[in-house]
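Colleague: One structure, as structure tokens, below. Some questions next.
The values are calculated or read from the model by the stated rules, or taken from the named source; none is laboratory data. Predicted model only: the values in this text are computed from it and were never measured. No Cβ is skipped: glycine too gets one built from the backbone with ideal geometry, and neighbour counts run over all protein chains shown. Note: accessible area is taken over every heavy atom of the protein model, side chains too, but ligands, DNA and RNA are not part of it. Shrake-Rupley method; radii C 1.70, N 1.55, O 1.52, S 1.80 Å.
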Amino acid sequence: MDRLQMEARRLAGWTTTALGFTIPIWVVADSILVVLLVACWIAGGEWRERIRRITASPVALSVLLLFGMLVAGSFWGMGSLEERMLAVKKYADLLLIPLLISMAITIQERRRAIFTLAVSLVLTLALSLAFSAGFLPGGWLINCDPSNPCAISKPITCDQSNPCIFKKHTTHNILMAFGVLLFGLLAWKSSSRWVRWGWTGAACLAAGNVLLMVQGRTGYVVLAGLVMVAFHMYFGWRGMAAAVIVLSAAFSAAYQVSTPFRDRVDLVATGVEYWNPREATYDGVTERMELFYYTIGIVQDHPLTGVGTGGFAQAYAARVQEIGRPVPAHPHNQYLYVMVQVGIVGLCLLFWLFAQQWRSAAFVGDAAYGLLARGLVVTIAISCLFQPALNDHTEKLFYSLFSGLMYSGIDPQQDART
């Protein structure tokens, strides 16, 4: 039994390493590896020690409180049994955070997973650059059909003018924006001059990929948020002013030289100016505004308890049935999505989780790991403004895995005492 537990624990560490590589690339592999990780956790034993680690971790407890509230929300309000079960299932990946914290992932295992994520993002970046330049052959990642199959097909929204590779452009840019921070930290921590220059070059290319090539506006905002956090952490409040200057110059230059960037920014301004809640809209900006408008109305009717986990679609349908609007699966905003399902308490629990992660980032290791942990919080918190980032497969698994890895093996109470 001891040998089984030891091997299960070792395999769990390598599973997290593999997940670091597959999350930006392959959904099927993600699902298999998550099942394997859960199986290793079950076989690993040490239940008393695991419970102690969870109860000692503010991050793990915050996740359990939020997930518990979402499960409780499935017992009231609107939505069929199938819709409620599906909604709870979509949030279940959040439990990877306390699962990994309970296993006390080692620093070496964390470093391996972070490095494989960096390698995966470099591969994605290289293929995106090659796709944009027209170097990718058909039948591998592009131009797929039954007679010309692909190993991993690209999303239908991706083309040479929008060179996302494995994920849709929004997800691609979110991950690549985080990659800018990750590559920069790897360059800073490297002791080899050539390796340092290599990671620095990757960071610059990734920033260009986000701003000038791939049309994911959420990635623009995430990149800006990460720059602000990095400057503030290393230069204090004066760094915030410097970050504003750097970002203003970078975004102004991108607006002048990149037609896709300029078009995406102009579309936001036009959509905000001409949006009318009484007229049907179809572009990404006005569609989101329409979803926000009607979802806020539902929240105003059910501010305390919401309409129940899984009840959004029925509540939205009832609100727009007279004007014949289509019913979406979600409101493209995680904060509204949580609030419309479980009310203001659920929203507060989500904010509490982010606050606990931000506070606990001081205990995850050196300054570089602290910045990476806070960068993870900023990435997901900004993403939640424009999409249901805790429901979308890649974003929620990325967030859950690396939150579990970053906050595993630390005891903020003990560190504070010492």
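Colleague: Excluding ligands and nucleic acids, what accessible area in Å² is computed for Cys204 using a 1.4 Å probe, to the nearest 10?
Modeller: Its accessible surface works out to 90 Å², give or take rounding.
Colleague: So, one more: Rank these by accessible area, largest first, 1.4 Å probe: Lys89, Lys168, Lys396.
Modeller: From most exposed to least exposed: Lys89, Lys168, Lys396.
Colleague: Assigning unit charges at the beta carbon (Lys, Arg +1; Asp, Glu -1) and nothing else, what dipole magnitude in debye, to the nearest 20, does the chain show about its Cα centre?
Modeller: Using Cβ point charges on Lys, Arg, Asp and Glu, the chain gives about 1120 debye.
Colleague: Still on this structure, I have one more. Working only with C-alpha atoms, what are the Rg and Dmax values of the stretch 368-410, expressed in angstrom?
Modeller: So, for the stretch 368-410, Rg and Dmax equal 10.6, 32 Å respectively.
Colleague: Quote to one decimal, in nm, the extra length available between Ser190 and Asn276 on full extension: 0.36 nm per residue of separation minus the C-alpha distance between them.
Modeller: Values: separation 86, 0.36 × 86 = 30.96 nm, distance 5.24 nm.
Additional length available on full extension: 25.7 nm.
Colleague: Further, regarding this structure: Of all the stretches in the chain, which is the longest one without any exposed loop site, taking chymotrypsin sites (Phe, Trp or Tyr not before Pro) in a DSSP loop (any state but H, G, I, E, B) with at most 11 other Cβ atoms within 10 Å?
Modeller: 136-281
Colleague: Can you give me the relative contact order of the stretch 252-384 as a percent, contacts being Cα pairs under 8 Å and 6 or more apart?
Modeller: Relative CO of the stretch 252-384 lands at 19 percent.
Colleague: Output the relative contact order of the chain, whole-number percent, from Cα pairs under 8 angstrom with separation of 6+ residues. Working shown, then result.
Modeller: Working: 621 pairs, mean separation 92.3, N = 418.
Across the chain, relative contact order equals 22 percent.
Colleague: Could you pull out every whole DSSP H run in the chain that spans at least 20 Å of Cα extent along its own axis and averages 0.0 or higher on the Kyte-Doolittle scale?
Modeller: Membrane-span-like by this criterion, though nothing is claimed about a membrane: 27-43, 58-73, 107-133, 169-189, 193-208, 217-257, 284-301, 334-360, 367-386.
Colleague: Follow-up question, since we're still on this one. Can you pull the percent of the stretch 189-264's accessible area that's carbon plus sulfur, 1.4 Å probe, other chains left in place?
Modeller: Heavy-atom surface of the stretch 189-264 belonging to carbon and sulfur, 1.4 Å probe: 70 percent.
Colleague: Counting pairs of alpha carbon atoms under 8 Å apart in space and at least six apart in sequence, what relative contact order in percent does the stretch 240-323 give?
Modeller: Reported as a whole number, the value is 16 percent.
Colleague: Among Gly68, Leu405, Ile298, which residue has its Cα furthest toward the positive end of the charge dipole of the chain, with +1 on Lys/Arg Cβ and -1 on Asp/Glu Cβ?
Modeller: Checked the options; the winner is Leu405.
Colleague: Then there is this: Given the protein chains as shown and a 1.4 Å probe, how many square angstrom of Ser400 are accessible, to the nearest 10?
Modeller: So the heavy atoms of Ser400 present about 0 Å² to solvent.
Colleague: Charges at C-beta only: +1 for Lys and Arg, -1 for Asp and Glu. How large is the resulting dipole of the stretch 41-129 about its Cα centre, in Debye rounded to 20?
Modeller: In total the dipole reaches around 260 debye.
Colleague: Quick one: if you stick a label point 7 Å off each Cα along the C-beta vector at Phe354 and Ala43, how many nm between them?
Modeller: 3.9 nm
Colleague: Keeping the other protein chains in place, figure out the carbon and sulfur percent of the accessible area of the stretch 287-387, with a 1.4 Å probe.
Modeller: Values: 2460 of 3810 Å².
Carbon and sulfur together cover 64 percent of it.
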